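For reference, the structure discussed in these notes is given below.
The values are calculated or read from the model by the stated rules, or taken from the named source; none is laboratory data. All values derive from a computational prediction rather than experimental measurement. Heads up, the Cβs are rebuilt from the backbone with ideal geometry, glycines too, and the neighbour counts pull from every protein chain shown. The accessibility values were calculated without ligands, DNA or RNA, using every heavy atom of the protein model including side chains. Shrake-Rupley method; radii C 1.70, N 1.55, O 1.52, S 1.80 Å.
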Amino acid sequence: MAKIKTGPKVKRKGGGVPAKSKAVDALAEQLTGSTAVIVTEYRGLKVSELQDLRKRLRPHGVEYHVVKNSLLSRAASKTHREALTKLLSGPTAVALSKGDEVALAKGFTDETRTLKALKIVGGFAGGQSLSVEDIQSLARLPGRAYLQGQLVGSLQAPLGQLTGLLHAPFQTLVHVLTARAQ
């Protein structure tokens, strides 16, 4: 039996750094820059459906990537998000957001409602792992702008009442003086 010739050793362009290592570093950078991550299993989705989903998620500030479980596991370990490794089984894709965690959950669940084959496995936000129920309850919360408006309104109401109470005696005095002058 003849020996198979493998050819000359080829030097890699990246200074000897393997492509997988670069992919892990890039994924770790994305995980570090994101405030929240949702892990999904996309088994049964067509490529066109995945591309359409990515387009619909972009306006919400969400990036959606299909990743290898081994690479995501290494990147999660690098970024101290080891809780993600428990969620990795089957074909995995992750939704990443640099913005509000509620906006990610709300936008993702709204846009994926029609995709019955897509399954949310879990997530990670605020230094904690999230279950499917946690993500769904985050999606039901009102948005950040709405909550900020409620806070401003609740702060403004007592101040408005105080202004009215302080203004009332002077207004009454002006009315008395006006009536007296007439």
Being open to solvent by less than 40 Å² (accessible area, probe 1.4 Å) and part of a helix (DSSP H, G or I) narrows 149, 153 down to just 153
A careful count of residues in the stretch 41-61 that are touching a residue at least 60 places away in the same chain (Cβ under 8 Å) and either open to solvent by 10 Å² or more (accessible area, probe 1.4 Å) or under 22 Å from residue 86 (Cβ atoms) (or both) gives 6
Output for Cβ contacts, cut-off 7 Å, separation at least six or different chains, first residue modelled with pLDDT of 80 or more in the stretch 67-92, second polar (S, T, N, Q) and open to solvent by less than 20 Å² (accessible area, probe 1.4 Å), reads 67/92; 69/92; 72/92
Residue hits (the stretch 163-182; open to solvent by less than 90 Å² (accessible area, probe 1.4 Å), at pLDDT below 80 and of a type outside the set (Val, Ile, Thr)) are 164, 168
Can you find even one residue in the stretch 152-172 that is β-branched (Val, Ile, Thr) and within 14 Å of the chain's Cα centre (by Cα)? no
Flagged in the stretch 23-40 as closer than 16 Å to residue 71 by Cβ and surrounded by fewer than 19 Cβ atoms within 10 Å (Cβ to Cβ), in numbering order, are 23, 25, 26, 29, 30, 32
In the stretch 117-145, residues that are assigned to a loop (DSSP other than H, G, I, E, B) and either free of Cβ contacts under 8 Å to residues at least 12 places away in the same chain or more than 20 Å from residue 54 (Cβ to Cβ) (or both) total 6
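Let's see how each residue does on (1) farther than 19 Å from residue 138 by Cβ; (2) in contact with a Gly (Cβ under 8 Å, 6 or more places away or on another chain):
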position: 37; (1), (2): no, yes
position: 44; (1), (2): yes, no
position: 52; (1), (2): yes, no
position: 61; (1), (2): no, yes
position: 68; (1), (2): yes, no
position: 79; (1), (2): yes, no
position: 89; (1), (2): yes, no
position: 108; (1), (2): no, no
